[in-house]
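What follows is a short report on a single structure.
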């Protein structure tokens, strides 16, 4: 394939479901001239409650399916898949930049934090795997990281309950123990509470308002969707694969099951109308 043809090729993005559409939205905003193919593995969601071995296998299958579309870059728009599947995908798929959401989020958190006391909220699988903790500490060894699961955020985002009293109550339930003033966490002897919060699940930006109301204005919130989009833009420029600014951007949506639900819920995540007919059914 010629260099000109590669620049025209789409960017592949995948997630276990619709959460990765927050990453796709950030990518489309930052890279409006690019073409995208998004795959939601809705037949096998959620990844966050499955074993690492299963998630790694599913992630590789999704990545390989996207390579059939001639993608020039692969984005793993799922924190759980990034935490356990990134190494396997990079080992099996060559000559294509592969970017997960955890490394960009960890770098942004380390840059944002003044004290080094960083909180992470994510799915149970991501927290249990410790990927954010390892990534942050590899960049900033003096950091103090508190990671807690917030599984109800996923359901609230998908049911459209991301704003209002229910969202505020659930956000308080998860976040007040992490951000209570004068609380000294066991592994943090410096700052009494975190000055930076990482949204370690692609669903969580949907609840940004409720989260902000609990943690206050001084806490810096890191959205891995935005940081990943910036990393993809930089990577494409570095390898000479950025699309021509004259190219018209586009998006192709694929799902492995439940096209009507994908379209209905995905419309909220992408903040644009999606019809069920706009989503193609694929089998992994």
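A few notes on this one:
- Computed log₁₀ I(q)/I(0) - Debye formula, equal Cα scatterers, no solvent, the chain, q 0.12, 0.14, 0.15 Å⁻¹: -0.72, -0.97, -1.11
- Note: relative contact order over the chain, using C-alpha pairs below 8 Å and six or more positions apart, is 27 percent.
- Gain on full extension, evaluated as 0.36 nm per residue between residue 139 and residue 7 minus their Cα-Cα distance, stands at 44.3 nm.
- Most fluctuating residue given options 253, 24, 197, as computed from a GNM of the chain linking Cα atoms under 10 Å: 253
- Mean sequence separation of contacting Cα pairs (under 8 Å, at least six apart), scaled by the length of segment 103-224, corresponds to a relative contact order of 34 percent.
- Per-residue ellipticity at 222 nm computed for the chain from its helices equals -13500 deg cm²/dmol, with DSSP H segments shorter than 4 residues left out and the rest contributing -39,500 (n - 2.57).
- DSSP beta bridges fully contained in the chain are about 0 percent antiparallel.
- For segment 1-132: rounded, prolate or oblate by the Cα gyration tensor [a/c cutoff 1.5]: oblate
- Selected from 260, 103, 124 as most flexible by GNM, with the chain as the system and alpha-carbon contacts under 10 Å: 260
- Using a Gaussian network model of the chain in which every pair of alpha carbons under 10 angstrom is joined by a spring, one finds that among 242, 81, 119 the greatest mean-square fluctuation is at 242.
- Cβ crowding within 10 Å, taken as a proxy for footprinting-reagent exposure, orders 132, 174 from fewest neighbours to most as 174, 132.
- Put simply, the C-alpha atoms of segment 103-224 give a gyration tensor, and the ellipsoid matching it has half-axes of 22, 16, 12 Å, longest first.
- Distance from the C-alpha centroid of segment 224-283 to that of segment 123-161: 24 Å, rounded to the whole angstrom.
- Taken over the alpha carbons of segment 196-284 as equal point scatterers, the Debye sum produces base-10 log I(q)/I(0) values at 0.12, 0.13, 0.17 Å⁻¹ of -0.59, -0.68, -1.00.
- Estimated at 0.36 nm per residue, the fully extended path between residue 272 and residue 252 surpasses their Cα-Cα distance by 5.8 nm.
- Estimated at 0.36 nm per residue, the fully extended path between residue 64 and residue 261 surpasses their Cα-Cα distance by 68.5 nm.
Laboratory data are not the source of any read-out in this text; all were calculated from the coordinates shown. This structure is a prediction, so every number in the text was calculated from the model and none was measured. As a convention, Cβ positions derive from the backbone with ideal geometry for all residues, glycine included, and neighbour counts pool all protein chains shown.
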